[in-house]
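**Student:** My structure is below; once you've seen it, I'll send some questions.
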Amino acid sequence: MRIVAGRFKGRALSAPKGANTRPTSDKARQAMFNVLEHAAWAPQLEGARVADLFAGSGALGFEAISRGAGFCLFVETDAAARGTIRDNIEALQLFGITRLHRRSATDLGEKPAKLGLPFNLVFLDPPYDGGLAPPALAGLIDGCWVSDDALAVLEIATDEDVPDFPGWEPVDERIWGAAKVVFLKRGQ
């Protein structure tokens, strides 16, 4: 697995061993970021405040940083995945612009003030068919984690229906391999 574009283009990323995580493929990540870089409804990647929920290897957050994001918070409960994210942070020397939280993405609570401004770009890649996306998206709003114009990028299985997410409006949907990616803007 490699970073596909930006200042870290071509740099290898470690992935957790075992079947507990399912990293987004390089091709799907490239396609996802192509949409983000060209869609009128997407936030600017340059300087973006990013949260990577159900982070796994952190590939989505690291890709965003490589393309200019200013900060990324990785949220992951699995110990092996957190270790891999730490290894990737160290390999890329990203200590000042990353944070790693051992917290459930479905139970974030209130955003700590020490994390600074709300996030304007959030990646969610929960286990497929687990029903974890609705509480995670609700928690982002309820806990004041996201800005009023935030974009959430949700990866689910291609056969999963896109549930209704109060406070979020789907603006685009794509299928890449086994993944359906839904782009959601904060509701107006």
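The values are calculated or read from the model by the stated rules, or taken from the named source; none is laboratory data. Everything numeric in this text was worked out from a predicted model, so none of it was measured. Reconstructed Cβ throughout: ideal geometry from the backbone, glycine too, with neighbour counts over all protein chains shown.
**Student:** Quick one: count up the residues across the stretch 85-122 that are of a type in the set (Lys, Arg), surrounded by fewer than 18 Cβ atoms within 10 Å (Cβ to Cβ) and closer than 15 Å to residue 143 by Cβ.
**Tutor:** Selection size over the stretch 85-122: 2.
**Student:** For residues in the stretch 123-172 being part of a strand (DSSP E or B), of a type in the set (A, V, I, L, M) and within 15 Å of the chain's Cα centre (by Cα), which is surrounded by the most Cβ atoms within 10 Å (Cβ to Cβ)? Give the derivation first.
**Tutor:** We begin by selecting, within the stretch 123-172, every residue part of a strand (DSSP E or B); these are 123-124, 146-157, 168-172.
With the extra rule that they be of a type in the set (A, V, I, L, M), the set shrinks to 124, 146, 150-154, 156-157, 171.
Now drop any that are not within 15 Å of the chain's Cα centre (by Cα), which leaves 124, 146, 150-154, 156.
Numbers: 124: 24, 146: 24, 150: 22, 151: 24, 152: 26, 153: 23, 154: 24, 156: 23.
Selected residue: 152.
**Student:** Ok, one more. Being closer than 15 Å to residue 130 by Cα and out of contact with any strand residue (DSSP E or B) (no Cβ under 8 Å at 6 or more places or on another chain) is the filter here; which residues of the stretch 160-188 pass it?
**Tutor:** 161, 163
**Student:** Looking at the stretch 78-97, which of its residues are within 18 Å of residue 24 (Cβ to Cβ) and among the polar types (S, T, N, Q)?
**Tutor:** 84, 88
**Student:** May I ask you to list the residues in the stretch 92-141 that are closer than 15 Å to residue 154 by Cα, of a type outside the set (A, V, I, L, M, F, W, C) and in contact with a Phe, Trp or Tyr (Cβ under 7 Å, 6 or more places away or on another chain)?
**Tutor:** If the condition is that a residue be closer than 15 Å to residue 154 by Cα, of a type outside the set (A, V, I, L, M, F, W, C) and in contact with a Phe, Trp or Tyr (Cβ under 7 Å, 6 or more places away or on another chain), then 125, 126, 134 are the ones that fit.
**Student:** For residue 68, indicate whether it is modelled with pLDDT of 95 or more and over 10 Å from the mean Cα position of the chain (by Cα).
**Tutor:** Judged against the criteria, residue 68 is a match.
**Student:** Out of 63, 76, which single residue is under 14 Å from the mean Cα position of the chain (by Cα), closer than 15 Å to residue 153 by Cα and either small (Gly, Ala, Ser) or at pLDDT 95 or above (or both)? Give the steps one after another, and end with the answer.
**Tutor:** Numbers: 76 fails: closer than 15 Å to residue 153 by Cα.
Sole residue among the options that is under 14 Å from the mean Cα position of the chain (by Cα), closer than 15 Å to residue 153 by Cα and either small (Gly, Ala, Ser) or at pLDDT 95 or above (or both): 63.
**Student:** Can you tell me which of 47, 6 is surrounded by fewer than 20 Cβ atoms within 10 Å (Cβ to Cβ), without any contact (Cβ under 8 Å) to a residue 24 or more places away in the chain, at positive phi and not in a strand (DSSP E or B)?
**Tutor:** Sole residue among the options that is surrounded by fewer than 20 Cβ atoms within 10 Å (Cβ to Cβ), without any contact (Cβ under 8 Å) to a residue 24 or more places away in the chain, at positive phi and not in a strand (DSSP E or B): 47.
**Student:** Can you name the number of the only condition in (1) over 29 Å from residue 17 (Cβ atoms); (2) in contact (Cβ under 8 Å) with a residue 60 or more places away in the chain; (3) outside any loop (DSSP other than H, G, I, E, B); (4) not charged (D, E, K, R) that residue 117 fails?
**Tutor:** (3)
**Student:** Take residue 158 and tell me if it is out of contact with any Lys or Arg (no Cβ under 9 Å at 6 or more places or on another chain), among the polar types (S, T, N, Q) and farther than 23 Å from residue 70 by Cβ. Quick ask: steps written out before the conclusion?
**Tutor:** Working: out of contact with any Lys or Arg (no Cβ under 9 Å at 6 or more places or on another chain): no; among the polar types (S, T, N, Q): yes; farther than 23 Å from residue 70 by Cβ: yes.
Criteria not met by residue 158.
**Student:** For residue 126, only one of the following conditions fails: (1) touching a residue at least 40 places away in the same chain (Cβ under 8 Å); (2) of a type outside the set (A, V, I, L, M); (3) closer than 18 Å to residue 1 by Cβ; (4) in contact with a helix residue (DSSP H, G or I) (Cβ under 7 Å, 6 or more places away or on another chain). What is its number?
**Tutor:** Checking residue 126 against (1) touching a residue at least 40 places away in the same chain (Cβ under 8 Å); (2) of a type outside the set (A, V, I, L, M); (3) closer than 18 Å to residue 1 by Cβ; (4) in contact with a helix residue (DSSP H, G or I) (Cβ under 7 Å, 6 or more places away or on another chain), the one that fails is (3).
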